[in-house]
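Remarks on the structure that follows.
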Amino acid sequence: MDDDKMTDEALSTLKLLRTSAPSAEAKKFALNAAMVAFDAAQPKAAQPKRNWINRWMLGAGLGVPLTTAVAALVLFPVATQLTATSNHLVGVPPKKETTVASVDEPVKTDDAKAKVGADATTSTLKLQAQTQTQTPVLEKPVAPPNTTVAVAPTTTPKDAEVRAVTSGTVQTEEALPEMDQLADAAPPPAPEAINRGIMVAPKQSAPMTANATMLGGGLAQPVPYQPSGDKFQKFDENRTKVTVTEPVSTFSIDVDTASYSYVRSTLKDGFLPDPDAVRLEEMINYFPYDYPAPTSLDTPFKSTMAVIPTPWNPKTELLEIGIKGYVPPPAARKPENLTFLIDTSGSMDEDNKLPLLKRSFGLLVDTLSPNDTVSIVTYAGSAGVALKPTKASDREAILSAIDALYPDGSTDGVDGIALAYKVNAAAKGDGTVNRVILATDGDFNVGIDEPDQLKTYIKTQRDQGIFLSVLGFGRGNLDDELMQALAQNGNGNASYIDNFQEAQKVLVEEGGANLITIAKDVKIQVEFNPAFVSEYRLIGYETRALANEDFNNDKVDAGEIGAGHTVTAIYEITPAGTGADLNDPLRYGSSSVAPAATSDELGFLKIRYKAPEGETSKLITAPITKDLVTTDIASAGTDQRFAASVAAFGQKLKGSNYGETLSWQQIADLANGAKGTDANGYRAEFVQLVKVAALLNPDHAGGARSIYDDPTGGKIGPTKSTGAKPVGH
Amino acid sequence: LTPDVAELPARAAVAASNLSLVSRAKAGDRNAFSQLVENNYDFIFRTACKWTGKKSDAEDIAQEVCIKLATAIQSFDGRSAFTSWLYRVTINMVRDMQRSSTRRDKNVDAFSLVHPEDDPGDQEEATTARELWTAVSELPEKQREAIMLVYAEDMNHAEAAEIMGCKEATVSWHIHEAKKTLRGLL
């Protein structure tokens, strides 16, 4: 017995086994995979799921169907992992239908077929293993973009080879006896059964997925992808209006560009964005346009107008209104008082969030002048004042304060936003420009839970001279709608920062524009002349529409323009008498009477704005004359042509009812020919983005698949695919 | 989270929250399921880690357990504690993984999870534990499971029996057999 005790003691040292922490990456994959599997198992898929289980329980002896069914069961999750893993596997987003389709099949599968399948599986695995050994480093799935299929997320090449080959051969043979065992064991507990099944499956389904992918993505129709959690305001596209009945169009300007960076980020990750994430005006306004600038602050901005042929519709024209804000000379620059309110919740602990913010911060500090003050308040994690108001000349202090920030779990109840305003108010000086800049990935637990209360609070602070801007980071948790709303109420901008370059653009290049407001509550009203314009449609600005009567109402809030900002608005107009009208003339209405051509103007532009501290608006007007019309698109300015290409891209991307007639290639060509000097390469990047979109959602004409090839007739997924749509769809 | 919260109430709280999450997840609540997996991932991983001795294998297993939970959650009937059930699910997965490959035979390179250099504390004992683990990993499946549950996871025979799905006496017998083998090795 002493002997036994000794062994006992020795064995108890097993308790000291140390395990390392799981890697965050592996955990994330596992969680994602679990969620995909969970979704697949929910009501929509309830029927198939029950089938699988039934086959497990009842048809266990059949063996073959089982294997297939299990492979199908897990195909979906694995496919998702792959898509999530290697971003370059574009065009094949997770596809539930694939799974369902193969589930119906297994019953018919005969032995021979299964055998062939098994062989194929084995050889694929071998092939794959070889590929892997040739690829030097593929430890982590995210790292090398070229590893087609990592069997399991974390394996060394050598390991993978051994496992792949063995599981390929052993598995298929072993799977059958196991089924028999199950059958013998009568009704075994379900977990056991499923356990085996899923265990077996991933190894077999991985190559299947690989094949599907290699086949070129023809199997799956792209579906828009939106990481669960990001929220966007839903809106309907502006409709075409009849000039006779609604001659006046009113909207607030919008200088935000968040939509474009968000769209770019999703496309670059190989997904199509949610249609509501595509806001045309923000796409168009992302790019710098070389409009002539006003010469004095008396008229803080200048408008540039042109009418060019519509690239996507030969019968209509585009009225482009470009507005450029005044750039005050450096000497006139007022000292800035900036308070950063930074989200340090646990979710900010991702490379493209807090660490990116930290890296970008140095850029911003470098652009400040010594008299500016910076302070930092954090919330949702390490909460409190991280940096008291500090002169920008003390660069070191500012940078070390931002560097010391770390993401933490969630600590509620700290009144972050009030603290930020308090700190900012304390640092107010004579003639300082005061602003709180909220940086977050979507956690708005800043101390005021109710969004409406929060907006009101921000408005109150705005009225006391402290503006608010919002910087959005990361994906998956982003509340775009609230972000926009807060910034609008705080007379600031909402920007979405997806990479270092974008940080540079937002904080440095446009730093001045984003921080120095030269005019606020800027509203635009256009009245069209029915004698020349029979119909019109405003492209974008859906979320910024104003009632006509609000134009002259100074109480109604609108967008701000910063130093040097450019804003572009585009109307698609139908010249009268071309017969291109979407609306039939009224049978009984007054429109049958041709309006008198009392003037030779196409329309009239009115802009209302307030000085940053003013409460009464001023009015700028300009007639839209016929000499603005260019009949040949080639002779239109590069800015105009480029803006048109962005509009075309956005419309096509969001499956708009208008302007889908252009192919991606045509859009890319249009943009490519209108790059101008493009000093920062934004336009060149845009052309690349069009090409990515083309890969994700190929044009039918390009020989790729479209809804016509889809047996479901495109009923699955909300995408409208490309090209013309079937009648009645 | 404050670190100084007493462990026991914390455990009870975790168990309670697990149960409520399970019932919500069973009803199709996405967030609840997400939370449940998130809460238990580390547990699954660490268990898999101890049993396989390899981080990469443990991550594979943990991932597959997570995927499996999506459907298997429906079969959790609350007769046993959630963690016991999860043990069973995880250990089954380990078993299947090891059965289905020849890895186990090649796996004699011992418990390689924490490099001694990374973990200076209790160096000697940790080394003993690793050596012991290697010996245990060579045992027949059932014996190995019994030993790991009773000694590495510090359970009594009844708890181990619940997880292994056998009688308590069977666990005791496996332990007895395992010790006989180990005695010669240690």
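The values are calculated or read from the model by the stated rules, or taken from the named source; none is laboratory data. In this text the structure is predicted, and so the values were computed from the model without any measurement. Glycine also receives a Cβ, built like all others from the backbone with ideal geometry; neighbour counts cover every protein chain displayed. For the accessible areas, the whole protein counts, side chains as well, though only heavy atoms, and no ligand, DNA or RNA atoms are used. Shrake-Rupley method; radii C 1.70, N 1.55, O 1.52, S 1.80 Å.
Determine the gain in length on full extension of the stretch residue A:638-residue A:393; use 0.36 nm per residue of separation and subtract their C-alpha separation, reporting nm with one decimal.
84.1 nm
At 0.36 nm per residue, and after removing the present C-alpha to C-alpha distance, how many nm does the segment from residue A:508 to residue A:456 gain when stretched out fully?
15.7 nm
Report the residues of the range A:319-358 in range of a label on residue A:679: point 7 Å along Cα→C-beta, backbone N strictly under 19 Å from it.
What the label zone holds, given the 19 Å backbone N cut-off, is A:323-331.
Taking θ as phi - 60°, what are the ³J(HN,Hα) couplings along the range B:24-39 by the Karplus curve (6.51, -1.76, 1.60), each to the nearest whole Hz, with x for Gly and Pro?
My calculation for the range B:24-39 gives 5, 5, 4, 7, x, 6, 4, 5, 5, 5, 4, 5, 4, 5, 4, 5 Hz in order.
With the cut-off at 31 Å, tell me which of the pairs A:234/A:618; A:234/A:324; A:353/A:606; A:231/A:268; A:315/A:654 have Cα atoms farther apart than that.
From the list (A:234/A:618; A:234/A:324; A:353/A:606; A:231/A:268; A:315/A:654), the Cα-Cα distance tops 31 Å for A:234/A:618; A:353/A:606.
Could you size up the charge dipole of the range A:231-295 around its Cα centre, putting +1 on the beta carbon of Lys and Arg and -1 on that of Asp and Glu, and report it in debye to the nearest 20?
The calculation lands at about 100 debye.
Given R₀ = 45 Å, FRET efficiency for residue A:313-residue B:131 by Cβ-Cβ distance, to 0.05?
For residue A:313 and residue B:131, the calculated efficiency is 0.05.
Taking amide hydrogens as modeled 1.01 Å from N in the peptide plane, which residues meet the under 5 Å criterion relative to residue A:390, leaving out close sequence neighbours?
A:374, A:375
I'd like to compare B:34-47, A:527-540: which one has the highest average count of other Cβ atoms within 10 Å, and what's the full order after that?
The densest-packed peptide leads the list: A:527-540, B:34-47.
As a test of the definition: with a 1.4 Å probe, what buried accessible area, both sides summed, do you compute for B against A, in Å² to the nearest 100?
Chains B and A together bury approximately 5600 Å².
Assuming R0 = 51 Å, can you tell me the calculated FRET efficiency for the pair residue A:293 and residue A:20, based on Cβ-Cβ distance, to the nearest 0.05?
Values: r = 59 Å, r/R0 = 1.15.
Working from the Cβ atoms, E equals 0.30.
Where the only charges are on Cβ atoms (+1 Lys, Arg; -1 Asp, Glu), what is the dipole of the range A:240-369 about its Cα centre, to the nearest 20 debye?
340 debye
Tell me which residues come under 5 Å, amide H to amide H, from residue A:289 once H is placed; ignore anything under 5 positions away on its chain.
none
If amide hydrogens are placed 1.01 Å from N in the peptide plane, which non-local residues have theirs closer than 5 Å to the one on residue A:437?
Placed amide hydrogens put A:339, A:340, A:341, A:469 under 5 Å from residue A:437.
How well do other chains shield peptide B:50-59, expressed as the mean number of their Cβ atoms within 10 Å of each residue Cβ? Please list the in-between numbers first.
Values: counts 5, 1, 0, 2, 3, 7, 11, 5, 5, 11.
Mean number of neighbouring Cβ atoms from other chains: 5.
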